[in-house]
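First up is the structure itself, then whatever we jot down about it.
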Amino acid sequence: MIRSLIVAVCLTLALTGCKAKEALDEASISKDLARRGTTDLMKEVANDSYDAPADGKITEAQVQMYLKVREHEKKIAQVAREEAKQHAEKAKKSGEKSLAGMMESLKTLGSVADLMTADIRAAKDLGYNSQEYLWVKTQILEVSAAAMAEKMGQAMNAGLDQMYRETKKAHDEATDESTKKMYAGILAGYDKSKQEMQQTNAVDPAVAHNRALLVKYESELAAFASEWAKFEDNEGDAAKAVKEMEQKLSR
């Protein structure tokens, strides 16, 4: 009984501590957003420079950097999104054409700008080169785009294969030459389409390298979900939507 009570107290203290830390983090982020606006942030970013490798390949350390930045970005985006909502509500209550309403509308735009640049702010907060981070992010998003294109290509190929089989069956069962000739032309069109799709889907060596590296840490499409998550009302909606889309394409 005493042991269970001790465990319960420890859990309560741990949860309280987590909530207190979360509130402290949010307060710190809000203070920084007020102190260092988007214009100030862009001035800092302008001082960064990065010579990207010619081969376009990222390193394991850069993937880890991207993931750390993204985790901190979530906290900043959450605060900026909430502040944008609050300013918008105040603008509506004050009357958007009133002076107070106009000021709140401007603050809303400022919070939206903070939301859009949350990842760059996160990179600077963590002491990373913002230009290197942006380059790495671009490479990772390219991996996500390639993975999405591949899944869509596979779905299209599956549909083409099904139509090809049905057309081939109709061709073989046709009893007159004109009908056979018509189906033969359709089959030739299918073959050409598949060849063109294979050429289009040729994998870039850099993308292949970056993709193999990224999947060691997470799903290839997680980068898309993370970008969309900035604008979601309910946490997890973006990840759920990406997963559902991936499942539909895999059928």
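The values are calculated or read from the model by the stated rules, or taken from the named source; none is laboratory data. Only a predicted model underlies this, so the values are computations on that prediction, with no experimental measurement involved. For neighbour counting, all protein chains shown are included, and Cβ atoms are generated from backbone atoms with ideal geometry for every residue, glycine included. Just the protein is used for accessible areas: all its heavy atoms, side chains included, with ligands, DNA and RNA removed. Shrake-Rupley method; radii C 1.70, N 1.55, O 1.52, S 1.80 Å.
General remarks:
- The single condition among (1) closer than 22 Å to Trp228 by Cα; (2) exposed (fewer than 13 other Cβ atoms within 10 Å of the Cβ); (3) not aromatic (Phe, Trp, Tyr) that Ala113 does not satisfy is (2).
- Condition check for Ser130: within 30 Å of Ala84 (Cα to Cα) and of a type in the set (Gly, Ala, Ser): yes
- Within segment 218-244, tally of residues that are in contact with a helix residue (DSSP H, G or I) (Cβ under 6 Å, 6 or more places away or on another chain) and open to solvent by 20 Å² or more (accessible area, probe 1.4 Å): 6
- Members of segment 85-100 that are crowded, with 16+ Cβ neighbours inside 10 Å and either without any contact (Cβ under 8 Å) to a residue 12 or more places away in the chain or assigned to a loop (DSSP other than H, G, I, E, B) (or both): Ser94
- Checked against the criterion of being closer than 30 Å to Leu115 by Cα and surrounded by 13 or more Cβ atoms within 10 Å (Cβ to Cβ), segment 194-208 contains one or more residues that satisfy it.
- Residue check for Val143: open to solvent by 30 Å² or more (accessible area, probe 1.4 Å), of a type outside the set (Phe, Trp, Tyr) and closer than 30 Å to Tyr50 by Cβ: no
- Unique residue being modelled with pLDDT of 85 or more, assigned to a helix (DSSP H, G or I) and open to solvent by less than 40 Å² (accessible area, probe 1.4 Å) when the list is Glu82, Glu73: Glu73
- In this entry, Tyr164 is excluded by the filter for residues that are touching a residue at least 40 places away in the same chain (Cβ under 8 Å), open to solvent by 50 Å² or more (accessible area, probe 1.4 Å) and touching a helix residue (DSSP H, G or I) at 6+ places or on another chain (Cβ under 9 Å).
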